[in-house]
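The values are calculated or read from the model by the stated rules, or taken from the named source; none is laboratory data. Please read these numbers as outputs of a predicted model, since none were measured by experiment. Methodologically, a virtual Cβ is constructed for each residue, glycine included, from the backbone with ideal geometry; neighbour enumeration extends over all protein chains shown. Each accessible area value is taken on the protein alone, full model and side chains, heavy atoms only, with ligands, DNA and RNA left out. Shrake-Rupley method; radii C 1.70, N 1.55, O 1.52, S 1.80 Å.
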Amino acid sequence: MSKKKSRRQTPLRSNGRKTGGRSSLAHTARKATKLEAGAQPAVGQQQRSLGKQTGHPDSKQARIIAILRTAGGATIEAMTRATGWQQHSVRGFLAGVVRKKLGLNLVSTAAEGGRVYRIAHGTDAHVAAKATRAA
């Protein structure tokens with residue numbers, strides 16, 4: 001004969017209800033609170049904007065993007081000095097945020113002082129992308 005498996009007992013609150021797990025009533029209420037068009041958000045809720053979030057203008061990410069938007073671009077060394085990040089963190093930011101999340105056209109070219117990265121604009125973006133693929 002096999003033993004019955006005992007269930008884990010959850011402690012009781014002072015009012016006699018069990019603790020642990022989500023209250024189905026609170027979970028359903030949380031799910032159902034969606035803002036209608038023109039309605040004001042409830043206290044403690046934030047209304048999400050539909051456009052892209054810009055972030056803080058003085059953040060490290062904003063500094064790197066501003067450097068990359070200049071005509072000369074920037075090396076990884078210059079970006080590490082501007083932010084205090086390590087080289088691998090800057091490379092991860094370039095690949096993950098600049099290229100993937102923001103969808104900007106990041107172009108890198110080899111130079112004497114190291115590889116130079118910049119964000120290409122408009123028609124030169126297509127030309128730069130083709131030149132990068134050809135190389």
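Taken over region 34-62, the residue count meeting the criterion of being open to solvent by 100 Å² or more (accessible area, probe 1.4 Å), within 19 Å of the chain's Cα centre (by Cα) and modelled with pLDDT of 60 or more is 3.
Conditions (1) under 15 Å from residue 68 (Cβ atoms); (2) touching a Leu at 6+ places or on another chain (Cβ under 7 Å); (3) modelled with pLDDT of 95 or more; (4) surrounded by fewer than 14 Cβ atoms within 10 Å (Cβ to Cβ), marked per residue:
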| residue | (1), (2), (3), (4) |
| --- | --- |
| 86 | no, no, yes, yes |
| 97 | yes, no, no, no |
| 111 | yes, no, no, yes |
| 120 | yes, no, no, no |
| 123 | no, no, no, yes |
| 127 | no, no, no, yes |
| 131 | no, no, no, yes |
